[in-house]
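All remarks here apply to the structure that follows.
Every read-out reported here was derived from the displayed coordinates using simple, explicitly stated rules and does not represent laboratory data. Please read these numbers as outputs of a predicted model, since none were measured by experiment. When we count neighbours, we look across all protein chains shown, and the Cβ atoms used for this are built from the backbone with ideal geometry, even at glycine.
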Amino acid sequence: MPDHTYNRVEFFSGEKIPLEMHKARMVQRVHLRPVGERLYVLNSTGNNTFLLPNRDVFLDMLTDSGVNAMSEAQYAAMLLADDSYAGSETFYRLEKTVREFFGLEYFLPAHQGRACENILATAYVKPGQYMVTNYHFTTTKAHITRVGGLVYECVSDEASVTDSVNPFKGNYEMAKLAGFVDKVGVEKIAFVRIEAGTNLIGGQPVSLENMREVAGYCRSKGLRLVFDASLLADNLYFIKTREESCRNRSLSDIVLEMSGLMDVIYFSGRKLGCARGGGIALAHEADYRKLRDLVPLFEGFLTYGGMSVREMEAMNVGIQETLDIDTISQTPIFVQALGEALQAKGVPVVTPFGGLGCHVDARKFIPHVPQEQYPAGSLGSAVFLTGGIRGMERGTMSEQRNPDGSEHLSSVELLRLAVPKRVFTLSQMMFVADRLGWLYEHRDLIGGLEFEDEPETLRFFLGRLRPVGDWQERLAEAFRKDMPTGL
Ligand code: F0G
């Protein structure tokens with residue numbers, strides 16, 4: 001694939017270095033514990049990286065949710081927040097921004113992305129109806145199935161090919177969409193959803209061209225089209241840099257065309273807008289009226305929706321900053337730099353590089369660990385052991401069991417190393433590559449995990465697991481041999 005990276009500043013040497021277009025004016029001290037302590041912490045927190053306390057984590061690459069570095073303009077805006085239950089000026093400012101950003105008339109606030117999903121599932125999905133999507137997200141699926149709905153995925157088979165050159169692996173395969181609608185009938189479909197970028201298949205983007213096709217099809221069938229714009233910042237960057245027809249268009253122009261195709265847009269403001277909140281933008285008054293009544297019921301009054309007004313002010317500024325290419329490029333160019341450093345050490349990573357984070361292909365890394373023993377989860381525990389690095393399992397552990405209790409094996413087994421915006425330095429990314437390189441050379445030592453406490457819903461969040469055998473002790477021993485300080 002040609003290199004589409006948007007390098008506004010090139011190095012004379014020709015080296016590809018992701019130059020930061022910001023400077024750090026506030027920092028947080030982090031601690032690297034020796035391997036013996038890491039092993040102890042890992043086992044006492046159920047081998048689940050969600051359960052690790054931050055004080056024991058060196059590089060927190062769990063997620064970019066609510067942990068992107070905020071800008072000075074965001075912090076400044078927080079001081080202007082108008083704290084009132086009803087009629088807050090802060091809400092009107094945010095509403096105006098969302099309206100201008102997406103070009104849709106109506107806006108409903110909600111406390112985060114899954115709160116929007118709860119509202120959408122409650123309002124639109126009847127038992128036995130489908131949500132059709134390019135690919136599901138964990139919380140989305142959980143809300144749809146909670147109300148008795150079903151999920152059908154239309155992403156192309158190539159989405160699960162981890163070393164691909166397809167620049168838009170998140171795209172809908174139109175034949176799958178049309179075939180499914182013909183098979184079950186439109187009345188069985190609650191809504192069609194586009195997630196851009198996709199989360200669970202490696203932050204892979206959806207092209208504007210594909211969105212146009214899906215929207216055209218939905219219009220022709222009278223199907224409601226819902227857009228999950230949580231990961232829009234990265235997706236926008238990829239449309240701008242990979243989609244030839246968009247190269248000379250402004251980011252705002254691209255967003256407005258994209259959102260003009262949708263009936264409903266929802267987002268996690270923990271990602272889009274780099275604050276802590278969420279919201280739903282709507283094109284039609286009828287949808288607005290249907291969803292509106294659920295906001296005071298689940299979230300809070302219509303002018304705050306469960307959010308702190310300070311976060312709403314930060315989100316307001318953060319959404320506007322999404323239209324700055326130097327802001328939205330920071331995660332993708334760091335993901336690429338980390339990905340290339342890992343590739344140089346032979347570590348199998350998802351390509352093309354996507355947004356959100358660098359995704360390691362656990363099935364290729366440790367092919368000897370069966371999917372029933374959660375290879376991406378066990379790789380996550382091994383990576384923590386090796387470098388105090390906290391990643392997130394995105395594979396079978398993140399799936400729900402089938403109704404008969406059997407495992408629903410994921411189409412991909414990924415360890416996500418999230419790269420929140422403007423948080424890490426390049427030397428920290430090189431440290432990650434170095435430790436994963438060491439781990440790759442010792443991959444035969446890595447074994448699997450099994451549940452000792454498995455929650456029924458969203459088990460990956462709070463589940464506790466134990467290693468199958470004593471492989472973690474042996475891995476820690478090998479590490480100590482090569483790195484006698486244990487660091
Ligand atoms: N949709 C997508 C595509 C997401 O990535 C997320 C969250 C949500 C919805 C839910 O939003 O967390 O604000 O309730 N993704 C986080 C992550 C959790 O780490 O990838 P939320």
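Quick notes on this one:
- For the range 417-434, 3J(HN,Hα) per residue [Karplus equation, 6.51 cos²θ - 1.76 cosθ + 1.60, θ = phi - 60°, Hz, x = Gly/Pro]: 10, 5, 10, x, 5, 6, 9, 9, 9, 5, 5, 5, 5, 5, 4, 4, 4, 4
- When you restrict to C-alpha pairs under 8 Å that are six or more residues apart and normalise by the size of the chain, the relative contact order lands at 23 percent.
- Here's how it looks for A110: its modeled amide H is under 5 Å from those of G278, G279, I280, which are all 5 or more places away or on a different chain.
- For the range 155-160, 3J(HN,Hα) computed residue by residue from phi via the Karplus equation (6.51, -1.76, 1.60; θ = phi - 60°) reads 5, 6, 4, 5, 4, 8 Hz, glycine and proline entered as x.
- Of all aspartates and glutamates in the structure, those lying under 15 Å Cα to Cα from K141, and not within fewer than 8 positions of it along the same chain, are E117, E153, E195, D228, E399, E456.
- Residue among F301, S156, S65 farthest towards the positive dipole end of the chain, charges placed on Cβ: F301
- Label point at E450 placed 7 Å out along Cα→Cβ; residues across the range 36-55 whose backbone nitrogen lies under 18 Å: 43, 46-48
- Take the Cα radius of gyration of the chain and divide it by 2.2 N^0.38 Å, N being the number of residues; the result is 0.95.
- By other beta-carbon atoms within 10 Å, ranking I201, I333 with the fewest at the front produces I333, I201.
- Relative contact order, percent, the range 242-371 [alpha-carbon distance under 8 Å, six or more residues apart]: 17 percent
- Between Y130 and L150, I189, A190, the built amide H atoms are under 5 Å apart, and every one of these is 5 or more places off in sequence or on another chain.
- As computed over the range 72-324, the Cα convex hull volume per residue (Å³): 113 Å³
- Under 19 Å of direct C-alpha separation, and excluding same-chain neighbours fewer than eight residues apart, K421 reaches these lysines: K16, K23, K240, K271.
- V349 long-range amide H proximity, modeled H, under 5 Å: D361
- Ranking I319, Q129, I144 by Cα position along the charge dipole of the range 72-324, where only Lys, Arg, Asp and Glu carry charges on their C-beta atoms, puts Q129 farthest toward the positive end.
- Here the 3J(HN,Hα) profile of the range 181-190, calculated from phi with Karplus coefficients 6.51, -1.76 and 1.60 at θ = phi - 60°, is 5, 4, 5, 9, x, 4, 5, 8, 10, 6 Hz, Gly and Pro shown as x.
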